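I have placed the structure first, in the form of structure tokens, so that the comments after it can refer back to it.
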Amino acid sequence: MIAKLRTEIEKTVVGQKEAVDLVLMAMLCNGHALLVGVPGLAKTTLVKSLAQASGLDFGRIQFTPDLMPSDVVGTEMLNADRQLVFQKGPLFAQVLLADEINRTPPKTQSALLEAMQERSVTAMGNTMLLPKPFFVLATQNPVEQEGTYPLPEAQLDRFLFLIELGYPSLEEEIAIVQRTTTGHTPSTQAVWSAEDWIRMQQDIAEMPVPPAVVEAAVKLVHATRNPLAVEGKTYIQWGAGPRASQALIQAAKAHAFLHGKNAPDKEDIAAIAVPVLRHRIVLTYQATADGWSDRSLVEELVKRYL
């Protein structure tokens, strides 16, 4: 089933195999993902193709500075009988693409917090459940920062992964140009269903985890809270919280699942540590001055403490 899904996605997305796998793992964990990359790297195409191949309802919100929370959640409107009825917003989809999420003010960004954590929305005093499964896949442009609003740490922590998309290789870019300039647009067929996702999520949730693996994950997260964890210098201003430990174990289960294992091990923790932890730590100016990034710092912590 995984192979069928990958084949359908590859009809419209060339390369980006690591990003595709990470998005799949996030969804198998019933989590959300933040995709970061410069324009033109198929972030939107990847999310849309995944929703189509998964047989899930797709919704898209183009975040802009003037977007209001009611534009995301929905609002009450008068119907033909002059009665107030709630008109659902684009948030009520199984796969929600939050495009350029950092271009909207914090007031609107916070409208996603309850939806991402509780899978429900409170509007006009009523709480409404979102469809199952529900995934938020947000995109962010890391280059152009003018007119943007950085995501608050509380919202960043809700994302299971921060997925960085890189430029395609020469061969991949040639394939992209050849495929997209012929006037023929490949179509993606649904090979999964919502029931398939829910069943696989349950299988992964029930996967056993050895106590030693849980201990290793927690020790790695605790290392991020030690400002002197790398070279005895104050490189970490703020470490990851307990949700990071939970995310490490969830993601390690999904990684093991995709690689045919019956249970995760430390190799699975190491494989997914960077996308799980990099957006949950804050570096000091000293770290940046010495040439460290969030990615390289997490990689160093994995070498030292895992």
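All of the numbers you see were taken from the coordinates with simple rules; none came from a lab. Since this is a predicted model, take the numbers as computed values, not measurements. Every residue, glycine among them, receives a Cβ derived from its backbone with ideal geometry; neighbour counts consider all protein chains shown.
Odds and ends about this structure:
- Rg over Rh, two decimals, region 80-129 (C-alpha only, Kirkwood Rh): 1.02
- Relative contact order computed over the chain (Cα-Cα under 8 Å; 6+ residues apart), in percent: 21 percent
- Report note on the peptides 216-222, 269-275: ranked by the mean count of other C-beta atoms within 10 Å, highest first, their order is 269-275, 216-222.
- Measuring between their Cα centroids, region 231-251 and region 185-204 lie 31 Å from each other.
- Considering only Cα atoms, the convex hull volume of the chain works out to 161 Å³ per residue.
- Taking the Cα centre of the chain as origin and assigning +1 to Lys and Arg Cβ atoms and -1 to Asp and Glu Cβ atoms, the resulting dipole is close to 360 debye.
- Multiplying each eigenvalue of the alpha-carbon gyration tensor of region 207-305 by 5 and taking the square root yields semi-axes of 26, 12, 10 Å, largest first, rounded to whole angstroms.
- Calculated P(r) tail over 20 Å for region 1-95, as whole % of Cα pairs: 48 percent
- For region 116-170, the Cβ-based charge dipole about the Cα centre amounts to some 360 debye (Lys, Arg positive; Asp, Glu negative; other atoms uncharged).
- Inter-probe distance in nm under a simple model that places probes 7 Å from Cα toward Cβ, at Ala194 and Thr45: 2.9 nm
- Distance (nanometres) between label positions extended 7 Å along Cα→Cβ at Leu113 and Thr64: 2.6 nm
- For region 146-177, the list of GluC sites (Glu not before Pro) that fall in a loop by DSSP and count at most 12 other C-beta atoms within 10 angstrom reads Glu146.
- Helix-only arithmetic for the chain: the sum of -39500 (n - 2.57) across DSSP H runs with n ≥ 4, divided by the residue total, places the mean residue ellipticity at 222 nm at -13000 deg cm²/dmol.
- A simple charge model with +1 on the Cβ of Lys and Arg, -1 on the Cβ of Asp and Glu and nothing else charged puts the dipole of region 214-303 at about 240 debye relative to its Cα centre.
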